[in-house]
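**Student:** Here it is, the structure in full.
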Amino acid sequence: MIFRLLTILTLAPVFCLSACGPKPDNTATSASEPDAAGKVVADAVALPRTPSPDGARVFFISPADGDTVSNPIHIEFGIEGMSVVKAGDKQPDSGHHHLLIDTAVPDPGAPVPADAHHVHFGDGSTATDITLDPGQRTLRLLLADYLHIPHDPPVVSDPITITVE
C-alpha cells in the first residue's frame with residue numbers, strides 16, 4: 001500500500017508538468033521536406049553576400065601546381081584587386097582567406113564550414129605552415145567576407161595539386 005502511494009505521488013507531478021509544456025505545432029513544416037521525387041530538399045535561407053570587384057582574384061604564390069613537398073608545407077597566398085582583413089572587419093573590397101584541402105568549393109550562399117577541409121585565416125594571414133598526410137593533395141583558396149560568406153561572385157583560386165612526401 002505504501003509503495004503504491006509513493007509511486008502515485010512520484011509520478012503525478014511528472015504527468016502534470018508534461019501536460020503544461022508546449023503543444024507540438026502539427027501545421028508547421030520541417031526545415032527539410034521531400035520533393036516530388038522523394039529527395040530531401042533544404043529550405044533556402046538567403047544570406048547577404050558582399051559584392052566582389054571585377055578582376056579580383058586569389059592565387060597561390062607557393063607551392064606551385066605539380067610541386068612535390070614535404071612537411072611542414074609552407075603556403076603563401078596571393079591576392080589582387082582586394083585587400084586582406086581580419087574576419088569581422090567590414091571594409092569594402094576586402095575579405096580573409098580560406099584554404100580548401102581535398103574538397104569542392106562550398107555553397108557560396110552560406111558561411112564557409114570550419115573543419116579539416118576548410119581552414120580559416122580570420123586573423124588576416126597570407127601565409128601558413130601546415131602538415132598534410134602523404135600523397136596527392138588538391139588545394140584551393142577562397143576569399144570570404146567579414147561573416148565568412150563567399151563574395152558575389154566568389155573569389156576563388158584555380159586548384160593546385162601537390163604531392164606530399
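Each value in this text was obtained by applying a stated rule to the coordinates, not by laboratory testing. Computed from a predicted structure; not experimentally measured. Virtual Cβ from ideal backbone geometry, glycine too; neighbours counted across all protein chains shown.
**Student:** Between rounded, prolate and oblate, where does the stretch 57-164 land on the alpha carbon gyration tensor, with a ≥ b ≥ c its root eigenvalues, rounded for a/c under 1.5, else prolate if a/b exceeds b/c?
**Tutor:** prolate
**Student:** Using packing as a proxy for protection, rank 102-109, 72-79 so that the peptide with the highest average count of other Cβ atoms within 10 Å comes first.
**Tutor:** For the peptides 102-109, 72-79, the packing ranking is 72-79, 102-109.
**Student:** If you take every residue apart from V85 with its C-beta less than 14 Å away from the C-beta of V85, what net charge results, scoring Lys and Arg +1 and Asp and Glu -1?
**Tutor:** -2
**Student:** Multiply the residue gap between E165 and A104 by 0.36 nm, knock off their C-alpha separation, and tell me the result in nm, one decimal place.
**Tutor:** Gain on stretching E165 to A104: 19.6 nm.
**Student:** Starting from the Cα-Cα distance between D89 and H117, subtract it from 0.36 nm times their residue separation and give me the gain in nm to one decimal.
**Tutor:** 7.7 nm
**Student:** Now for a separate question. So what J values fall out for the stretch 90-104 if you push phi through Karplus, 6.51 cos²θ - 1.76 cosθ + 1.60 with θ = phi - 60°, rounded to Hz, Gly and Pro as x?
**Tutor:** 8, 10, x, 6, 9, x, 9, 7, 9, 9, 9, 10, 6, 8, 7
**Student:** Right, here's the next one. List the relative contact order of the stretch 57-164 as a percent without decimals, with contacts defined as Cα pairs under 8 Å and 6+ residues apart.
**Tutor:** It rounds to 37 percent for the stretch 57-164.
**Student:** Amide H to amide H under 5 Å from Y146: which residues, 5+ apart in sequence or cross-chain, H placed 1.01 Å off N in plane?
**Tutor:** G88
**Student:** Want the number for D129 to D65: 0.36 nm per residue separation, take away the alpha-carbon distance, what's left?
**Tutor:** Gain in length upon complete extension: 21.3 nm.
**Student:** Moving to a separate point now. Which far-off residues, 5 or more places away or on another chain, put their amide H under 5 Å from the one on S62, with H placed in the peptide plane?
**Tutor:** Sorted by chain and number, the residues that satisfy this are E76.
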